[in-house]
Every structure is written in structure tokens, then in C-alpha cells.
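Working notes for the structure below.
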Amino acid sequence: MKDQEQPEQPTADQRAKLRAPLMIKRIRLDDGEKAFFGYSTNLSCSGLFISTVNPADPGSRFQIEIPLPEPINRDVRCQCETVWKRSYSPKSPYEPGMGLRFIDLSEEDKQEIDTWAKAQQADNDERD
């Protein structure tokens with residue numbers, strides 16, 4: 001039986017695996033102060049994964065700041081929502097954390113993240 005070709009995954013859904021995790025900060029709404037939220041180990045223009053031992057419950061919303069590395073080299077703020085969480089378990093081979101979906105990321109920021117993710121993926125492919 002001939003294998004069916006899988007349609008190419010949209011770029012927005014491809015996650016870039018980061019060589020160096022990005023430190024994500026949560027922005028408190030009451031006073032605008034920033035606090036460490038966790039490390040992101042993958043990122044796309046639709047969302048990210050944050051590695052943390054205290055993941056938020058699905059449906060939780062908050063403002064975050066993402067320090068985008070070179071060549072973008074600027075911080076992006078947006079509101080996001082927890083889509084899923086994985087609690088810590090000593091028996092699990094997977095790190096605890098949560099998947100976040102961006103809610104109000106601008107089209108310009110989405111495009112910059114998408115371009116950066118493609119470059120990261122190409123770099124990772126060259127290393128493999």
C-alpha cells in the first residue's frame with residue numbers, strides 16, 4: 001500500500017527548539033511589575049511551552065514578556081492563555097510545564113517570530 005503524503009505543516013504550528021531557553025516574565029496587571037515565570041524551550045508564532053514546576057490551570061490568562069533573541073533583539077508583550085499543563089511527576093520522562101496560546105500578538109510580531117523560528121529550525125537541521 002502506498003503511503004499517503006502528509007500535507008506540510010503550517011509554519012505557524014512548527015515549534016523551534018531553542019538551544020538556549022528564553023526566560024519568560026509575567027507582568028502583573030495591578031502594578032506592571034515583572035516577575036520570573038519560567039523558561040521557554042520552544043516557540044512559534046501561535047504559542048510557546050514554558051517549563052515550570054508550577055504550571056497554571058488551563059484557561060488561565062496573563063500578560064507575558066518574551067525576550068526575542070538576535071536578530072530580532074527586542075521584548076514582545078502579549079496576553080496568553082494556558083491550553084494544557086503537565087504537573088511534576090518523579091516518574092515522568094517529561095519536564096513539567098504548560099502550553100500557552102498567544103491571544104493578542106500583533107501580526108508584525110507573529111511574522112518576526114515565524115521568521116526567527118524558521119531560521120532556528122534550519123540551524124537545528126544542519127546540526128543533526
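Bear in mind these aren't lab numbers, they're just calculated from the coordinates by the rules spelled out. This one's a predicted model, so the numbers in the text were calculated from it and none came from an experiment. Positions of Cβ are generated from backbone atoms using ideal geometry, with glycine treated the same way; all protein chains shown enter the neighbour counts.
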From the backbone phi of region 106-120, what are the Karplus-calculated ³J(HN,Hα) couplings (6.51 cos²θ - 1.76 cosθ + 1.60, θ = phi - 60°) in whole Hz, Gly and Pro given as x?
5, 4, 4, 5, 4, 5, 5, 5, 4, 4, 5, 4, 4, 5, 5
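What shape does region 59-128 take by its C-alpha gyration tensor, where a ≥ b ≥ c are the square roots of the eigenvalues and a/c under 1.5 counts as rounded, a/b above b/c as prolate, and the rest as oblate?
oblate
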Tell me the label-point distance for the pair residue 33, residue 101, using the 7 Å Cα-to-Cβ offset, in nm and rounded to one decimal.
3.2
